[in-house]
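Student: Here it is: the structure, laid out below.
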Amino acid sequence: MKKKIAVYPGSFDPVTFGHLDIIDRAAKIFDHVIVSVFVHSEKKHMFTVDERAAMLKRALKGRKNVSVDCFEGLLVDYVRKKKTDIVIRGLRAISDLEYEFQIAAVNRTLYSPIETVFFMPRQRYTYLSSSVVRDIAHFNGDVSKLVPPHVAKAIAARRK
Ligand code: ADP
């Protein structure tokens, strides 16, 4: 049987427990999940693409059916290159829906076979985003409950 591969795209600047929650849910359903860092040169980021990918790799070590990659350009082109048409996204709250709905609809207009599959994280991560982590880090707050230890360390090192 053909393997069901899914792509989970995002900025992951940096990866949080919310992202990991979504990845674990997706990895239970699909044969392989490719977590892919979107290269967006115009956006200002806390970490480089390579740093973000390295932090993801470390956070996902041991998960056999999950890999980490990077991509530039249109998601639909990337997804086709990866020989799939499944995209994973996370929905925290209704507030995410409008944005996610628009992206999913645009992607489907560009490439009709694409299916965007949404996962909800556990309740305690519904408020969590990379930007919340960056904001807390900016004011030297404690992010240890929000990100894996090596990410918290990288954030602390960035502040020095
Ligand atoms: P963006 O792609 O908007 O830059 P991210 O890279 O942070 O955002 O997130 C990628 C995907 O993961 C998006 O679908 C986003 O809604 C989802 N996501 C981010 N944080 C969480 C969380 N705490 N719970 C569930 N989904 C999340």
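Student: If we count other beta carbons within 10 Å of each Cβ, what is the order of 103, 114, 23, fewest first?
Tutor: 103, 114, 23
Student: Would you mind checking the radius of gyration and Dmax of segment 1-55 based on alpha-carbon positions, in Å?
Tutor: 12.6, 42
Student: Work out how much length residue 144 to residue 31 would gain on full extension: take 0.36 nm times their residue separation and subtract the Cα-Cα distance, in nm to one decimal.
Tutor: Computed gain between residue 144 and residue 31 is 37.6 nm.
Student: What number results when the radius of gyration of segment 115-160, computed over Cα atoms, is divided by 2.2 N^0.38 Å?
Tutor: Computed over Cα atoms of segment 115-160, the ratio equals 1.35.
Student: In the chain, how does Rg compare with the Kirkwood Rh, expressed as the Rg/Rh ratio over alpha carbon atoms?
Tutor: That ratio equals 0.95.
Student: Just report the Cα centroid separation between segment 59-112 and segment 121-160, whole Å.
Tutor: 23
Student: Additional query: Where in the chain lies the longest segment free of GluC sites (Glu not before Pro) that are both loop residues by DSSP (not H, G, I, E, B) and have at most 14 other Cβ atoms within 10 Å?
Tutor: 73-160
Taken together, the values in this text are just the output of simple stated rules run on the coordinates, not laboratory data. Just so it is clear, the structure is predicted and the values come from calculations on it, not from any experiment. Don't worry about glycine lacking a Cβ; one is built from the backbone with ideal geometry, like all the others, and counts go over all protein chains shown.
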